[in-house]
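Worksheet: the structure to be examined is printed underneath.
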Amino acid sequence: MTPVHEDPFEESRGDPSRRITPVTRRDVFDYIRSLPTWHGRLDEIDFLARLYDLEGLPSEDRRFDTFREDIVQHRYNNYDWDDAWIFTDPRLQLLSGPDEKLLGFLAQMVHPVVCADPGESADMVAEFNRLLQPDGWTLKPSRQLSGRPVYAPALLSGTHTTAIGYAHRAAARLDAEYIAQQVTRMEGAVELEPELAIGTAKEFLERICKTILDDRQEPHHKNDDLLVLLRKTTKCLQLTPDHIDSAAAGDTIKRMMMSLGQLAQGAAELRNAYGTGHGRSKAQASQRLTPRHARLIVGSASALGVFLYETHEEGGASAAVGPGL
């Protein structure tokens, strides 16, 4: 039997990271229940491992240590959680977590790796979009995989869609759900929670840099700040095409990238200086960063992150190493 959990939505009304209402969420869950399976041609653990760190999340059974062990025990060994368990387990955050959790889950359901039938995938996308439309979200194709679309969330009324759209496509190519969630969070928070969008933009850039450095087996430290990561990343990338004078153009491009990085770093520091949570003083509240600041930072971070990752892709692991910044 599925464990019973309280509905945390009662404690989160007005949270700007949750455009998707409880009504929409439950309608989406009802539709998913009507499907033969939510995990497609994967098993439940393989599907959820694409979205969550099952070894890092805790067990709610005192006999075990990890979320993965819980699933094995209650879905494979005993089978005493019913098929609807995913909707109420608070560790998955589908019922009352940030929008990007539910949207990421839906995008994975229609991913070509998960859903084998393109017709079924198209039908699911159509129904998801019908249900999500009143809350301002949709699933849109972000790239092709073996000739089939890979979908990513997008705001229906977004005004900053160009840079974000490229960022969604970069996240899809990475096939890294954490980065995809960061892009969705940036997009959803710009108008309603600009400080959250600004902080996430900085995290997005840091994650892109770390991904590139890891792919190229370049060392970095967990405490490296954004500007240090940018310097290390650009040092191992060939920033200009072979037919361009790299000494002249490369230095200019590096200065431009560092300026964009400093913009994201500085905005995040300003946000932290004035606080982002409860308990803010009246003076601090009057000096909050606004959506126009967030649009500037999110657009800049998206453009820079995509440029770095596309440069990494084009150059390959054997790209020439140039001088650092």
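The values are calculated or read from the model by the stated rules, or taken from the named source; none is laboratory data. The model shown is predicted, which means the values in this text are computed figures rather than measured ones. All Cβ positions, glycine included, derive from the backbone under ideal geometry; neighbour counts span all protein chains shown. Heads up: the accessible areas ignore ligands, DNA and RNA and are worked out on the full protein's heavy atoms, side chains in. Shrake-Rupley method; radii C 1.70, N 1.55, O 1.52, S 1.80 Å.
Key figures
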{"item": "Ranking by accessible area, most exposed first, for Glu195, Glu60, Glu69 with a 1.4 Å probe", "result": "Glu60, Glu69, Glu195"}
{"item": "Full-extension gain in nm, His221 to Tyr31, via 0.36 nm per residue minus C-alpha separation", "result": "63.9 nm"}
{"item": "Area accessible to solvent at Lys235, 1.4 Å probe radius, in Å²", "result": "110 Å²"}
{"item": "Accessible area of Cys236 in the full protein assembly, 1.4 Å probe (Å², nearest 10)", "result": "0 Å²"}
{"item": "Proximal lysines to Lys235, defined as alpha-carbon separation beneath 19 angstrom and excluding residues fewer than eight positions away on the same chain", "result": "Lys210, Lys222, Lys254"}
{"item": "Cα shape, the stretch 97-140, gyration tensor, a/c 1.5 rule", "result": "oblate"}
{"item": "Computed Kirkwood radius, in angstrom, where 1/r is averaged over Cα pairs of the stretch 51-114", "result": "12.8 Å"}
{"item": "Cα-based Kirkwood hydrodynamic radius, the stretch 91-232, one decimal, Å", "result": "16.0 Å"}
{"item": "Hits among aspartates and glutamates - C-alpha to C-alpha of Lys101 under 12 Å, sequence gap 8 or more where chains match", "result": "Glu177"}
{"item": "Label-point gap, in nm, between Glu69 and Leu192 - each point 7 angstrom along Cα→Cβ", "result": "3.7 nm"}
{"item": "Rounded, prolate or oblate (a/c below 1.5 giving rounded, otherwise prolate when a/b exceeds b/c) for the stretch 76-160 by Cα gyration tensor", "result": "oblate"}
{"item": "Accessible heavy-atom area order of Glu191, Glu55, highest first, probe of 1.4 Å", "result": "Glu55, Glu191"}
{"item": "With all protein chains modelled, accessible area of Trp81 [1.4 Å, Å²]", "result": "20 Å²"}
